[in-house]
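The values are calculated or read from the model by the stated rules, or taken from the named source; none is laboratory data. Worth saying up front: this structure is predicted, and the values here are computed from it rather than measured. Ideal geometry is used to build each Cβ from the backbone, glycine not excepted, and the neighbour counts take in all protein chains shown. Just so you know, the surface numbers come from the protein's heavy atoms only, side chains and all, with ligands and any DNA or RNA stripped out. Shrake-Rupley method; radii C 1.70, N 1.55, O 1.52, S 1.80 Å.
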Amino acid sequence: MLKKIGETRKSFDEDLSKANDLASLEELRIKYLGRKGLVSQLFDSLQDVPKEEKRNVGQVLNELKLHTQSKFDELKNKFDKEKVSSESYIDLTLPGRKREVGSKHILIQTLDEIKEIFKGWGFSVYEGPELESDYYNFGALNFPADHPARDMQDTFFVSEDFLLRTHTSPVQIRLMEQKKPPIRALMPGKVFRNEAISAKSYCLFHQVEGLVVDTDITFAELKGTLVAFVKQFYGKDVPYRFRASFFPFTEPSAEMDVWWQPKGKEGRWLEILGCGMVDPNVLTNVGIDPEKYVGYAFGMGIERTAMRKYGIDDIRILFDNDKRFLTQF
Ligand code: DAH
């Protein structure tokens, strides 16, 4: 029995010196220290040892048990530590991860600037839905059912009665249905048209609508406000002009142009907005008495405004998501 114990100790020491990772160490544990391992087996056979020798053999066996357990623990500890430090190893030669900071899109920046100017004049900002009914987009704005003005605003119909709004003017209607004069409102948002896509036109763009309704509003106030706006926005020497125009929801109607001189190219007039005095029919449609109240309205394209201001010559680049362009602003 003593011989057997000695042999087991020797083979344990040999196996231990060969264990070089956690897996082989686990094999070793099962072989010697497990419930049916060699050390347990030796304890089992202790009962066959003659009584006089039992004490001595038992002592040697206990020593073996302590020896194997403590050697195993020692090595296991060492491997565990190595594992932790290899997992938290930091490679200082790797390039760092750069965190890129985003910025506001140039269209949003332009819109913010426009809002700031009008807010200073007492305008509040409102928004309306991009999916509109035919009534809000056309009917309530005095477009008769088969009027050719609708053709200029062909859009994407979702059903017979619902469409992607072609302008922000329907927000005027939604607002006047809920809020009675005096009104001074700015209404920005996305609009959609079924356009042939080119450097000048895109199927999606942004507008900002303006609406003022009160008892003593005149065309002179409309003109004065818009002139003050272009001077503040583009600079006080900007050349501008008004042209007579037609919109079903205003009477009289006009369009405003500013002079555009792209670098190295011939200058030209650029239309930036439509405007006019709110048609009495529109006021009647929302239950406001046209005998008592007068209003003016305007609708401005944000893309063109930004293009004119920042010298951008192709509208499509505003929607391309090309970082080389976006990071310039
Ligand atoms: N909604 C018109 C368009 O998209 C622009 C416009 C013209 C808006 C005159 C107005 C306005 O509020 O009074 O072409």
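Per-structure values
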| quantity | calculated |
| --- | --- |
| Lone qualifier among Ile173, Ile217, Ile197 - being in a loop (DSSP other than H, G, I, E, B) and either modelled with pLDDT of 95 or more or under 20 Å from Ala254 (Cα atoms) (or both) | Ile217 |
| Complete set of residues in segment 245-258 that are near the ligand (Cβ under 9 Å from one of its atoms) and not aliphatic (A, V, I, L, M) | Ser245, Phe247, Phe249, Thr250, Ser253, Glu255 |
| Filter pass, Phe242 being within 10 Å of the ligand (Cβ to nearest atom) and open to solvent by 20 Å² or more (accessible area, probe 1.4 Å) | no |
| Exclusive hit being closer than 16 Å to Met300 by Cβ and under 28 Å from the mean Cα position of the chain (by Cα), set Arg193, Arg243 | Arg193 |
| In segment 180-194, the residues that are at pLDDT below 95 and either open to solvent by 40 Å² or more (accessible area, probe 1.4 Å) or more than 16 Å from the ligand (Cβ to nearest atom) (or both) | Lys180, Asn194 |
| Residue match in segment 202-210 (condition: farther than 26 Å from Pro144 by Cα, surrounded by 14 or more Cβ atoms within 10 Å (Cβ to Cβ) and either away from the ligand (no atom under 16 Å from the Cβ) or among the aliphatic types (A, V, I, L, M) (or both)) | no |
| Residues located in segment 224-239, provided they are more than 13 Å from the ligand (Cβ to nearest atom) and either open to solvent by less than 20 Å² (accessible area, probe 1.4 Å) or within 22 Å of Pro170 (Cα to Cα) (or both) | Phe229, Val230, Phe233, Val238 |
| Within segment 111-165, considering residues that are in a strand (DSSP E or B) and small (Gly, Ala, Ser), the one least open to solvent (accessible area, probe 1.4 Å) | Ser133 |
| Any hit, segment 259-275, residues being more than 8 Å from the ligand (Cβ to nearest atom), open to solvent by 10 Å² or more (accessible area, probe 1.4 Å) and closer than 17 Å to His167 by Cα | yes |
| Matching residues, segment 287-309, being within 15 Å of the ligand (Cβ to nearest atom) and farther than 28 Å from Leu204 by Cβ | Val294, Gly295 |
| Sole residue being part of a loop (DSSP other than H, G, I, E, B), more than 16 Å from the ligand (Cβ to nearest atom), open to solvent by 80 Å² or more (accessible area, probe 1.4 Å) and hydrophobic (A, V, I, L, M, F, W, C), chosen from Leu66, Leu94 | Leu94 |
